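As structure tokens, the structure follows; a few thoughts come after it.
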Amino acid sequence: MLCGTDARRREAYRGHIEATERRFYEERDGGVRDLVEWYARHARARWRLPPFVLSVDNAAAYFDPSTAIRNTRKRSASMLFRGLAVRARLAQVLRDHADARHRAA
């Protein structure tokens, strides 16, 4: 939990916690909002597919695409093209390592 679970400690960091929540849930480029919205749009279609489960065996393949864009300016033309390739690689990893054993009944 962000900044601990103790009520006094959380109160001391209230401004930091609120700023973090605004950044990740309210700002367009924060990351979490886009993910939540994508999931809401695709939730019905995804229930039939097995989930990706991160494991020791597939961790390198899963994290490797992010290293390709780590030092790329996020709003550059280079990122646009690299981003497409990275998304395709990540999508393939997710397909290759989907694990039907973890599918909801």
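When the chain is modelled as a GNM with alpha-carbon springs shorter than 10 Å, which of A12, A43, A59 fluctuates the most? Among A12, A43, A59, the largest mean-square fluctuation in the Gaussian network model of the chain belongs to A12. Once every DSSP H run of n ≥ 4 in the chain is given -39500 (n - 2.57) and the sum is divided by its residues, what mean residue ellipticity at 222 nm do you get, rounded to the nearest 500 deg cm²/dmol? Mean residue ellipticity, 222 nm, calculated: -17500 deg cm²/dmol. Screening the chain for whole DSSP H helices of 15 Å or more along their axis (Cα) with average Kyte-Doolittle hydropathy at least -0.5 returns 59-69, 77-96.
Most exposed first by the Cβ proxy, i.e. fewest other Cβ within 10 Å, how do R101, R10 rank? Can you show the working numbers first?
Numbers: R101 7, R10 15.
Lowest count first: R101, R10.
Under the criterion of Cα pairs below 8 Å and six or more residues apart, the relative contact order for the chain equals 26 percent. Put in line by how crowded their Cβ is, counting other Cβ atoms within 10 Å and starting with the fewest, V32, V93 read V32, V93.
In a Gaussian network model over the chain where Cα atoms closer than 10 Å are linked, find which of E11, E37, E27 has the largest mean-square fluctuation. Result: E11 has the largest fluctuation of those listed.
Grab the beta carbon distance between E18 and R87, set R0 = 30 Å, and tell me the FRET efficiency rounded to 0.05.
0.40
Compared with the direct C-alpha span, the chain from M79 to R33 gains 14.5 nm at full extension, assuming 0.36 nm per residue. Exposure proxy shown here: for L80, L94, the number of other Cβ atoms within 10 Å sets the order, fewest to most, as L80, L94. Using Cβ point charges alone (K and R +1, D and E -1), the dipole size of the chain about the Cα centre works out to roughly 260 debye.
Read-outs: derived from the displayed coordinates by stated rules, not from any lab. The structure displayed is predicted, hence computed values, not measured ones. Reconstructed Cβ throughout: ideal geometry from the backbone, glycine too, with neighbour counts over all protein chains shown.
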